[in-house]
Amino acid sequence: MREEIAPFGCGLGLYGISRGAERALLVAQLLAEDGCAEVPDALAVHSPPDVAWPAFIVANFMPEGSGAGREAGPAWSWRGTHERTRSGTPLCPGAVPYPVFIAQGTEDNTWNASMARRLVARLIENGCEPEVHFFEGEGHIFRAEARIREWALMTDFFARHLAIRKPSGFVTES
C-alpha cells in the first residue's frame, strides 16, 4: 500500500467499522509490536470492540438468533498462527506510534459503548491521546445526520495526520 501511495507523498491510514475496526486495531498493534517500519500513520475506527473476538455466525449474534456458534473459534491469524489473536486478546495493550480516532454510538447494541470507553482508557494509560467522539443516542449504524458529522470529523482527522508531505528539495512555482 505504501508503494502505491508513495508518488502522492501522503501518509497511510487504516479505517474499520465494527469487526473491521477490530481488525484494523489488531493489524496496527501487531505491526507495532513486531517493530515493523510499516505501521499506519493514523488509525480511525467506528464502533470498535476493546478485545479480539472469536469467529461467529452473524445470524446467531443477532437479537433474534439463538447465540449458538458464538464461540466457534479464532477469527484472526497473524503470520500463520492464532497465538497473538486469540479471543479476549486486549486491543492496544501498549503504546501506539500513531494517532487514533474513535467514533462510537452511546446506544450501540452490538459493541456496547463501554467497550470503546475501555479502549480509550487503555490508550490513554499507554500515553496515547485518542480523538474520541461519542454520538449520543446513536446505535451501531449511525443515522444520516450523525454519519455525516462523523465523516466530517474523520476526514479532518485524516487530513491532519496524512497530509501530503513535500519531499526535501521540492520547489513550488510562484
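The values are calculated or read from the model by the stated rules, or taken from the named source; none is laboratory data. Because the structure is a prediction, the values reported are computed rather than measured. In this analysis, Cβ positions are derived from the backbone assuming ideal geometry, glycine residues included, and neighbour counts consider all displayed protein chains.
Below are the figures for this structure:
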| item | result |
| --- | --- |
| Where Phe101 falls short, out of the listed (1) surrounded by 14 or more Cβ atoms within 10 Å (Cβ to Cβ); (2) at pLDDT below 95; (3) touching a Phe, Trp or Tyr at 6+ places or on another chain (Cβ under 6 Å) | (2) |
| Pair list, Cβ < 6 Å and 6+ apart or interchain, from segment 130-142 residues that are in contact (Cβ under 8 Å) with a residue 12 or more places away in the chain to residues that are surrounded by 15 or more Cβ atoms within 10 Å (Cβ to Cβ) and among the aromatic types (Phe, Trp, Tyr) | Glu131/Phe101; Glu131/Phe157 |
| Subset of segment 106-125 [in contact (Cβ under 8 Å) with a residue 12 or more places away in the chain and under 25 Å from Leu162 (Cβ atoms)] | Ala116, Leu119, Val120, Arg122, Leu123 |
| Test: residue in segment 3-20 that is out of contact with any strand residue (DSSP E or B) (no Cβ under 6 Å at 6 or more places or on another chain), buried (at least 20 other Cβ atoms within 10 Å of the Cβ), aliphatic (A, V, I, L, M) and under 21 Å from Asp156 (Cα atoms) | no |
| Members of segment 21-59 that are assigned to a loop (DSSP other than H, G, I, E, B), out of contact with any strand residue (DSSP E or B) (no Cβ under 9 Å at 6 or more places or on another chain) and within 22 Å of Arg160 (Cα to Cα) | Ala37, Glu38, Val39 |
| Subset of segment 31-57 [out of contact with any helix residue (DSSP H, G or I) (no Cβ under 9 Å at 6 or more places or on another chain) and under 16 Å from Leu123 (Cβ atoms)] | Ala32, Glu33 |
| Residues of segment 122-156 that turn out to be surrounded by 12 or more Cβ atoms within 10 Å (Cβ to Cβ), of a type outside the set (Val, Ile, Thr) and not in a loop (DSSP other than H, G, I, E, B), as a count | 15 |
| Segment 104-144: number of residues that are under 17 Å from Val51 (Cβ atoms), at pLDDT 95 or above and of a type in the set (Ser, Thr, Tyr) | 1 |
| Filtered residue count, segment 33-86, keeping only those that are small (Gly, Ala, Ser), at pLDDT 90 or above and buried (at least 18 other Cβ atoms within 10 Å of the Cβ) | 4 |
| Verdict on Gly169 being over 15 Å from the mean Cα position of the chain (by Cα) and modelled with pLDDT under 95 | yes |
| Subset tally (residues that are of a type in the set (Val, Ile, Thr) and closer than 28 Å to Glu138 by Cα) for segment 69-95 | 1 |
| Arg149 farther than 21 Å from Cys10 by Cβ, touching a Cys at 6+ places or on another chain (Cβ under 8 Å) and modelled with pLDDT of 95 or more | no |
